[in-house]
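Throughout, read-outs are computed from the coordinates displayed, never taken from laboratory work. None of these values were measured; they are calculated from a predicted model. Cβ: placed from backbone, ideal geometry, glycine included. Neighbour counts: every protein chain shown.
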Amino acid sequence: MARFVVRRLLLLVPILLGLSILLFAWVRALPGSTANSLLGERGTPETIAAVERLYGLDQPIAVQYWKYLKQSATFDLGTSAQTRRPVTDEMVRLFPGTIELTAVALVIAVGVGVPLGYFAARRYGTWLDSGAIVGSLLGVTIPVFFLGFLLKYVFAIKLGWLPTAGRSDQRILGVDHPTGFYVLDGFITGNLAAAWDAFKHLVLPALALATIPLAIITRITRASVLDVVHEDYVRTAEAKGLLASTITRRHILRNALLPVVTIIGLQLGLLLSGAILTETVFVFNGVGKFVADSIRFRDYAVIQGFILVFAVIYVVVNLLVDIAYGLVDPRVRVR
Amino acid sequence: MSLSEAEARVDTAVAAEDVGGSLLKEAWRRLRRDPVAITGGAMVALFVLVAVIGPWLAPYGPSDRAGAVTPTMIPGPSSQFWFGLDDLGRDELSRVILGARQSLLVGVVSLVLGMIGGLTLGVLAGALGGWVDSLIMRIIDIVLAVPGLLFAIGVAAALGRSLQSVMIAIAVVNVPIFARLLRGQMLSQREADYVSAATSVGLRRRVVVFRHILPNSISPVIVQGTLTLATAIIDAAGLAFLGLGGTDPSVPEWGRMLADSQDYLSGAIHLAIFPGLAIVFAALGFTLFGERLREALDPKYRR
């Protein structure tokens, strides 16, 4: 098992190095040079040369890459042009909101998707099954931000049940944020009204964000359960006269949920990129909205930093899923 | 499980060998009898038709002021303007009709570019194997580590704000998907008996790859292509929402119409609903058809 983990960890190195080369090349491919965007119309050949010297842009490309690599490895991702603050500081400030949002979305997607997929498979061909299939097809074809608009219109604007935007209601006084996770902060500081308010602000964006993963998890669970219920070992268990609930728990679910676990890991990429759209619709102050704003401001340091961080998170989480998979299913380790 | 399904499972192994012209004919025969596939196909056909003849169909031009509006009073659907007016007094129905062309264009161009790139890499990796294969697959692993939309944002931002950069961005995101799919297919076909047979009669590797392996590996690529058209339309809308898309106001685009509607949600929800439903309609059509095509081409589901 240790060898399996080490081998998987070593595979990370070339991926991360390749990614850094890709991002380094990307910034160089952007329209307009750094000196130009900093100096604008005022650039003279002398000032441009001075700026290039200042940022090391006159150095050979390999030297520049090495510098970039060293900086990234020490979490120095440059300065945001919008806020004039280090990109790393902005991430630390904004990530709790996005983590909160994606966590709730993931809970919805798994909590609804797995049971729905399971019951659709067990009631194969019934209206529940057809409903699950149609629902999951609609789920993957509806643009996340369109759904966001509809949810906002119905539940926030027309019915007024939930807030339209933001992470918290400014009218609630005495709110303190020691961790940046607003719901958690409410509990820590004993301000239950603030926790409830923060949760209400999460509901609609999380619902919008959850739809695509929910649809995919439902489909995979359904297909996986359908595969497993026809396996010989399930028939054997039935023939032995085991209780239906025991067969479900020990034979069907345990085997059917393995592929679902992998799929859940892969959903993280969708959730992180979906957060860019969802947070913008609900003016939810997280990293996603910051990235969306950075596109408008051409704040490339931020985009570069976030692509790197999102990709690292995505790769690492999927590695963890792989390792967890190896722990649960000994067959994986052998391969 | 129905009886036919049980049978399908049993003869999967046998049927998998039965590929080539007869498989496509068989798939077509099954598609024609499948109500879901027909629905999906009809939705796609309607979408393509509107995209092609849109300018003759639309009651107003894309920039015509069809009626009077104020920022607080944007009329919704009526017998005169079926989809209502937009914030500049333009006919929303006409703009939705005219926007179909941009969506189809983005979908098809990005699909074709992505397929060309992906198939080239996939064939190279699958046919040559060895270090070429390893190198290509490592690069693909790296690219796939970046979530698709984020990657498209990066490419589109580097290329500047236009519909062309959106197409290229989505195409680039599709390249690794097609490459990996085709490589996997070709690897699995390489061990097949008919390939050994072709090699043993002394055919050159190029002939074996292009005349035998490739045609037999292509059906999942066709399915993926249909589904990719759906995601391309959705992703293009997402990029437009983020401000990366065409800028010409006289060329209506569903994604940008939807993006612009957010300022008028409380007073004029129809500005969000119609372009939004248009996107869902087109994407759902391709998805329904693609999913059923997958099943029709897969001997496992044969009945």
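List of remarks:
- When each of the peptides A:7-19, A:234-246 is scored by how many other beta carbons lie within 10 Å of its residues on average, the order from highest to lowest is A:7-19, A:234-246.
- Separation of alpha-carbon centers, the stretch A:286-330 and the stretch B:152-172, rounded to whole Å: 20
- Taken over chain A, the ratio of Cα radius of gyration to 2.2 N^0.38 Å equals 1.21.
- Taking all Cα pairs closer than 8 Å and separated by 6 or more residues, the relative contact order of chain A comes to 24 percent.
- The local environment of B:S261, defined by Cβ-Cβ distances under 12 Å, has a net charge of -2 under the rule Lys, Arg +1 and Asp, Glu -1.
- In percent, rounded to a whole number, the relative contact order of chain B is 28, using alpha-carbon pairs under 8 Å and six or more apart.
- Overall shape of the protein assembly as shown was characterised from the C-alpha gyration tensor. The equivalent ellipsoid obtained from it has semi-axes of 39, 32, 30 Å, in decreasing order.
- Of all the options A:V229, A:V260, A:V291, the one that moves most in a Gaussian network model of chain A with Cα springs shorter than 10 angstrom is A:V229.
- Taking a sphere under 15 Å around the Cβ of A:L202 and counting the other residues whose Cβ falls inside, with K and R at +1 and D and E at -1, yields a net charge of -1.
- Approximate spin-label separation A:I99-B:W56, in nm, with each point projected 7 Å along Cα-to-Cβ: 6.0
- Other-chain or far-sequence residues with amide H under 5 Å of A:T79's (modelled H): A:V87
- Length gained when the stretch A:A81-A:K200 is fully extended (0.36 nm per residue, less Cα-Cα span): 39.6 nm
- Relative contact order (%) - the stretch A:255-320, alpha-carbon pairs under 8 angstrom, separation at least six: 30
- Inter-site label distance for A:T74 and A:D232 at 7 Å from Cα along Cβ, in nm: 6.2
- Rounded to 10°, Cα long-axis angle of helix B:130-144 versus longest principal axis of chain B: 30
- Along its first, second and third principal axes, ordered by size, the stretch A:202-335 spans 66, 35, 18 Å in Cα coordinates.
- FRET efficiency, 1/(1 + (r/R0)^6) with R0 51 Å, evaluated for B:S200 and B:Q262 via beta carbons: 0.20
- Where the Cα pairs of the stretch B:24-63 fall when distances are cut into 5 Å bins, in %: 6, 21, 17, 16, 12, 10, 8, 6, 4, 1
- Inter-chain Cβ neighbour average for residues B:135-146, partner chain, 10 Å: 5
- Here the extension length gained between A:R296 and A:F4 equals 100.7 nm, from 0.36 nm per residue of separation less the Cα-Cα distance.
- Environment charge at A:D185 (Cβ cut-off 15 Å; Lys +1, Arg +1, Asp -1, Glu -1): -1
- Hydrodynamic analysis of the stretch A:114-164 uses the Kirkwood radius over alpha carbon pairs. Inserted into Stokes-Einstein at 4 °C and 1.567 mPa s, it gives a translational diffusion coefficient of 102 µm²/s.
- Once the C-beta distance of B:D193 and B:T39 is scaled by a Förster radius of 35 Å, the resulting FRET efficiency is 0.35 to the nearest 0.05.
- For the segment A:269-280, counting C-beta atoms of other chains within 10 Å of every residue's C-beta and taking the mean gives 4.
- Label-to-label distance, nm, for residues given as A:R254 and B:L88 (7 Å Cα→Cβ offset): 6.4
- Placing +1 on each Lys and Arg Cβ and -1 on each Asp and Glu Cβ, with no other charges, gives the stretch A:181-335 a dipole about its Cα centre of roughly 400 debye.
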